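*Asks:* Just dropping this structure here.
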Amino acid sequence: MSLTDESRAPVELPDPEPFSLISASGKAVPAKARRGYNLPDLDILQKLYRRMVVARRWDTQVTALTRQGRLSTYPSARGQEASEIGTVTAMRETDWLFPTYRDSIAVWTRGVPTAELLSGFRGDWHCGWDPKMHRTAPQTTPLATQALHAVGFGTAAKLSKDPIAVATFIGDGATSEGDTHEAFNFAGVWQSPTVFVIQNNQFAISVPIAKQTRARLLADRAVGYGIPGYFVDGNDAAAVYTIVSEALDRARTGGGPTIIECLTYRIEPHTNSDDPSRYRGSADVEAWKAKDPIERLERYLDSKGAIDEALKESIAIESEEAATAMREAMNAEPALDPMELFEHVYSSRRPALLEQRDALAAELADSPNAEEASE
């Protein structure tokens, strides 16, 4: 491969102003500022709105259960619905998603049942669902490891001529990890059909973005890897859906990877164990609440006569049904088998693992509760 290959064509730095189609006030951005893009059809915008409203109610209910001690921990995505729902709505059923620990609403919207999704946060399993069935990889807690997994999976799909795209979320803090550099570089060299969606919610736990990087934008890094980069208003579901759709289409047709930075904000604490008042002020939070992605889209739909009380009522009913189903799923006591610790570790079980398994089995058989557990 020579340096004159088309695959090494120069890429440009993204525009310093975040791309948007619907302003924070709920009005369509003037055509001359849309950079050649059109707003999605109203039926797509209605779907985005419905999914965001239902996902927020689901997310709020999970947070409530966590505060009640029903789950060990939970990182809320409140305020980031446009970035997450906009991305997964743009995906095809055949595409794959590689999420982080904060992307539960995206995983749930992809169709993973609540009980299976939340089993990891309750401590039942590391991953409670079948990744192949839902084409969704396990949520990862180690920062940026999922980016490498996504690139590897996408490259394998390309080599096997499977015309799919792979999307992966990355937090702003995760862009400081070496794994992210390796993922970007590998994807650029091998033209992996991978779309990196950086959710820049401006805090890596308690560390603001200004203390993470001197770069103008996180998306500026794309040019160094020869990858197209975009800077998007992450609270504008229409903009996220549009740019991610284009990137996924390009990936499926051999156009390689894309890096998309979505500027958004984490409204809730990092997790239920975090105290955000230690590192940010309430005025900043309130300012971002005024940029709420759901209210923004609702105002636009209302201006187009595309939302009425009947639609709002149907969405409210769906939202409460989702919250109720989730509470019921979490009320059911899981059937835990300690022997499952030894499953899915190695394809061929190693002698040391078998010894540990037998030792635990013997210990359980001698325990006072052995007879009760066997019933």
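*Asks:* Roughly speaking, what is the stretch gain from Asn38 to Ala329, that is 0.36 nm per residue apart minus the C-alpha to C-alpha distance, in nm to one decimal? List each step's numbers first, then the result.
*Replies:* Numbers: separation 291, 0.36 × 291 = 104.76 nm, distance 4.11 nm.
Between Asn38 and Ala329, full extension yields 100.7 nm more.
*Asks:* Continuing with the same structure: Can you tell me which aspartates and glutamates have their Cα less than 12 Å from the Cα of Lys289? Leave out same-chain residues fewer than eight positions away.
*Replies:* Glu268
*Asks:* Moving on. Please give the peptides 270-281, 10-21, 303-314 ranked by average Cβ packing (other Cβ atoms within 10 Å per residue), highest first, as a rough proxy for protection. It would help to have the intermediate numbers written out before the result.
*Replies:* On the way: 270-281: 13.5, 10-21: 15.7, 303-314: 12.0.
Ranked by mean Cβ neighbours within 10 Å, highest first: 10-21, 270-281, 303-314.
*Asks:* From the gyration tensor of the Cα coordinates in the stretch 200-249, what semi-axes in whole Å does the equivalent ellipsoid have, largest first, with each one equal to sqrt(5λ)?
*Replies:* On the way: eigenvalues 99, 52, 11 Å².
Equivalent ellipsoid semi-axes, largest first: 22, 16, 7 Å.
*Asks:* If packing is taken as the average count of other Cβ atoms within 10 Å, what order do 157-166, 135-144 fall into, highest mean first?
*Replies:* On the way: 157-166: 16.9, 135-144: 19.3.
The packing order, highest mean first, is 135-144, 157-166.
*Asks:* Students often forget the sequence filter, so: which aspartates and glutamates lie under 12 Å Cα-Cα from Lys27 once same-chain residues fewer than 8 apart are removed?
*Replies:* Candidates past the 8-residue exclusion: Asp236, Glu295, Glu298, Asp302.
*Asks:* Counting helices only, and only those DSSP H runs with n ≥ 4, report the 222 nm mean residue ellipticity of the chain as the sum of -39,500 (n - 2.57) divided by its residues, in deg cm²/dmol to the nearest 500.
*Replies:* On the way: 15 runs with 165 residues, N = 375.
For the chain, the value works out to -13500 deg cm²/dmol.
*Asks:* Oh, and also: Based on other C-beta atoms within 10 Å, arrange Trp58, Trp108 from fewest to most.
*Replies:* On the way: Trp58 21, Trp108 25.
Least to most surrounded, the residues fall as Trp58, Trp108.
*Asks:* Here's another thing I want to ask about it. Express in whole angstrom the spacing between the alpha-carbon centres of the stretch 71-110 and the stretch 286-344.
*Replies:* Value for the Cα centre distance between the two parts: 12 Å.
*Asks:* In addition: Over 24 Å between Cα atoms: which of Lys132/Lys161; Lys32/Lys312; Lys47/Lys312; Lys47/Lys161; Lys132/Lys312 fall into that group?
*Replies:* On the way: Lys132/Lys161 18 Å; Lys32/Lys312 32 Å; Lys47/Lys312 12 Å; Lys47/Lys161 31 Å; Lys132/Lys312 34 Å.
Checking Cα-Cα distances, Lys32/Lys312; Lys47/Lys161; Lys132/Lys312 exceed 24 Å.
*Asks:* Still on this structure, I have one more. Here are a few candidate values for mean projected area of the Cα convex hull in nm²: (1) 22.5; (2) 21.5; (3) 18.4. Which one was actually calculated from the structure I just gave you?
*Replies:* (1)
*Asks:* Then there is this: Compute log10 of I(q)/I(0) for the stretch 14-110 with the Debye formula, placing one identical point scatterer on every Cα and leaving out solvent, at q = 0.16 Å⁻¹, to two decimals.
*Replies:* Each listed q corresponds, in turn, to -0.81.
*Asks:* Rank these for me by crowding, Asp302, Asp337, going from fewest to most other beta carbons within 10 Å.
*Replies:* Working: Asp302 13, Asp337 10.
Ranking Asp302, Asp337 by Cβ neighbours within 10 Å, fewest first, gives Asp337, Asp302.
*Asks:* By count of other Cβ within 10 Å, fewest leading, how are Thr66, Thr258 ordered?
*Replies:* Values: Thr66 21, Thr258 26.
Going from least to most buried by this count: Thr66, Thr258.
*Asks:* On to the next question. Under a point spin-label approximation (7 Å from Cα along Cα-to-Cβ), what is the Glu286-Val11 distance to one decimal in nm?
*Replies:* 4.1 nm
*Asks:* Let me ask you something else. Mind checking the full-extension length gain between Asp130 and His181? Use 0.36 nm per residue of separation minus the Cα-Cα distance, one decimal, nm. Could you put the intermediate results ahead of the total?
*Replies:* Working: separation 51, 0.36 × 51 = 18.36 nm, distance 2.88 nm.
Extra length from Asp130 to His181 when fully extended: 15.5 nm.
*Asks:* Continuing with this model, one more query. Tally Lys/Arg at +1 and Asp/Glu at -1 over every other residue whose Cβ is under 13 Å from the Cβ of Ala174; what's the total?
*Replies:* Numbers: positive: Arg102, Arg221; negative: Asp103, Asp172, Glu177, Asp179, Glu182, Glu261.
Summing Lys/Arg as +1 and Asp/Glu as -1 gives -4.
*Asks:* Enumerate by residue number the trypsin sites (Lys or Arg not before Pro) in the stretch 185-254 meeting two conditions: DSSP loop (anything except H, G, I, E, B), and at most 13 other Cβ atoms within 10 Å of the site's Cβ. Mind dumping the intermediate values first?
*Replies:* Values: sites: Lys211, Arg214, Arg216, Arg221, Arg250, Arg252; in loops: Arg214, Arg216.
The qualifying sites are Arg214, Arg216.
Read the figures in this text as sums done on the coordinates, not as results from a lab. Since we're looking at a predicted model, the values are computed, not measured. In this analysis, Cβ positions are derived from the backbone assuming ideal geometry, glycine residues included, and neighbour counts consider all displayed protein chains.
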